[in-house]
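Below is one structure; the comments refer to it alone.
The values are calculated or read from the model by the stated rules, or taken from the named source; none is laboratory data. From a predicted model like this one, the values you see are computed outputs, not experimental measurements. Positions of Cβ are backbone-derived with ideal geometry, glycine not excepted, and every protein chain shown enters the neighbour counts. Each accessible area value is taken on the protein alone, full model and side chains, heavy atoms only, with ligands, DNA and RNA left out. Shrake-Rupley method; radii C 1.70, N 1.55, O 1.52, S 1.80 Å.
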Amino acid sequence: MADNKNTDVSKLPFERAIDELESIVKRLEEGKVPLEESVAIYERGEALKKRCEEVLRQAEARVEKITLNADGKPAGSEPLDVE
């Protein structure tokens with residue numbers, strides 16, 4: 001986990017962020033982490049949670065961009081404008 005502390009959360013792919021978040025939750029639940037470290041990893045966990053939510057929102061928006069034809073069947077998709 002030491003390597004992950006310096007990784008910019010905003011650049012992490014979803015899978016890596018969720019794995020690290022699960023690791024943090026497990027460590028905190030075990031209750032064997034000193035208080036100072038608990039606070040630090042909790043804060044990182046909050047940042048990871050926000051990153052995961054952001055990636056999921058973007059994915060959801062892309063899915064919503066799928067266009068439907070007159071019959072209600074998928075007819076294609078439009079690019080997601082993330083800006």
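Some points to look at:
- Residues within segment 13-34 that are closer than 26 Å to residue 55 by Cα and small (Gly, Ala, Ser), tallied: 2
- When 46, 64 are checked against the criterion of being of a type in the set (D, E, K, R), at pLDDT below 90 and surrounded by 10 or more Cβ atoms within 10 Å (Cβ to Cβ), 64 stands alone in meeting it.
- Segment 52-70, residues that are among the small types (Gly, Ala, Ser) and under 19 Å from the mean Cα position of the chain (by Cα): 59, 61
- Of all residues in segment 7-31, those that are more than 14 Å from residue 46 (Cβ to Cβ) have Cβ atoms under 9 Å from Cβ atoms of residues that are open to solvent by 70 Å² or more (accessible area, probe 1.4 Å) and in a helix (DSSP H, G or I), 6 or more apart or on another chain, in 7/16; 14/56.
- Just one of the listed residues (49, 73) is closer than 17 Å to residue 7 by Cα and either under 20 Å from the mean Cα position of the chain (by Cα) or not aliphatic (A, V, I, L, M) (or both), namely 49.
- Among residues of segment 53-72, those that are assigned to a helix (DSSP H, G or I), more than 20 Å from residue 16 (Cβ to Cβ) and of a type outside the set (A, V, I, L, M), counted: 1
- Scanning segment 8-30 for residues that are small (Gly, Ala, Ser) and either in contact with a Pro (Cβ under 6 Å, 6 or more places away or on another chain) or open to solvent by less than 60 Å² (accessible area, probe 1.4 Å) (or both) yields 17, 23.
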